[in-house]
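Right, I'll just put the structure down here and ask away after.
The values are calculated or read from the model by the stated rules, or taken from the named source; none is laboratory data. It should be emphasised that the depicted structure is a prediction, and the values quoted were computed from it without experimental measurement. Cβ placement follows ideal geometry from the backbone for every residue including glycine, while neighbour counts extend to all protein chains displayed. Heads up: the accessible areas ignore ligands, DNA and RNA and are worked out on the full protein's heavy atoms, side chains in. Shrake-Rupley method; radii C 1.70, N 1.55, O 1.52, S 1.80 Å.
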Amino acid sequence: AADFKRTTHTWALFAEAQREGKPPSLVAAVHVNPMHWDRFASSKIGELPDHMRSTARIRKRQAEELMREVAKVERSMPVLLCGDFNGPPRGRVYGSLTSEFKDAYDDSAIGPGWTIPSSLPLMRIDYVFVRPTSTVLRSRVLDDAGSDHRALLVEVAP
């Protein structure tokens, strides 16, 4: 059962999850603004198109908002940030989040962890980030499940 006591954004849903006999965890289902790489071309050589600049600002703000929400939570509470972060490992959003969280897949799995497109994954844009105090037991990318992304299954011990 989950008790929705936290702030909810249109792109991130926060819930306190309580399991019987266990301390609560904060879980966020996240969908960060996409980059729209199909519209990358600019009419001016050496400049990013306007939508790319605004998208970068939105994504930066979303990462900052995630960090502010998590800062409100006691340091002892396990936190999982899960979802479609629409960016590659080592991208700006990834870098912002891994400054204080660990990437559960990198922490416990071998291989590229590619999740998209689901029919033949070639990129990794879906993640589960956890506080460094949590122990990631195992992670794996699941087979195609009827979405454009493959699911990431992560087992975590608080």
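Is there any pair linking a residue in the stretch 49-63 that is of a type in the set (K, R) to one that is modelled with pLDDT of 85 or more and open to solvent by 90 Å² or more (accessible area, probe 1.4 Å), with Cβ under 8 Å and at least six apart or on different chains, and which?
Within 8 Å, the pairs are R59/R92; K60/R92.
Scan the stretch 89-133 residue by residue and report those that are open to solvent by less than 80 Å² (accessible area, probe 1.4 Å) and at pLDDT below 90.
Scanning the stretch 89-133 gives a single hit, G91.
Same structure, new question: Name every residue in the stretch 124-148 that is in contact (Cβ under 8 Å) with a residue 40 or more places away in the chain and either more than 16 Å from V32 (Cα to Cα) or of a type in the set (A, V, I, L, M, F, W, C) (or both), in order of residue number.
Of everything in the stretch 124-148, those that are in contact (Cβ under 8 Å) with a residue 40 or more places away in the chain and either more than 16 Å from V32 (Cα to Cα) or of a type in the set (A, V, I, L, M, F, W, C) (or both) turn out to be I125, V128, F129, V130, R131, T133, S134.
While we're here: Regarding the stretch 8-16, can at least one residue be identified that is among the hydroxyl-bearing types (S, T, Y), open to solvent by 50 Å² or more (accessible area, probe 1.4 Å), within 20 Å of V128 (Cβ to Cβ) and modelled with pLDDT under 90?
yes
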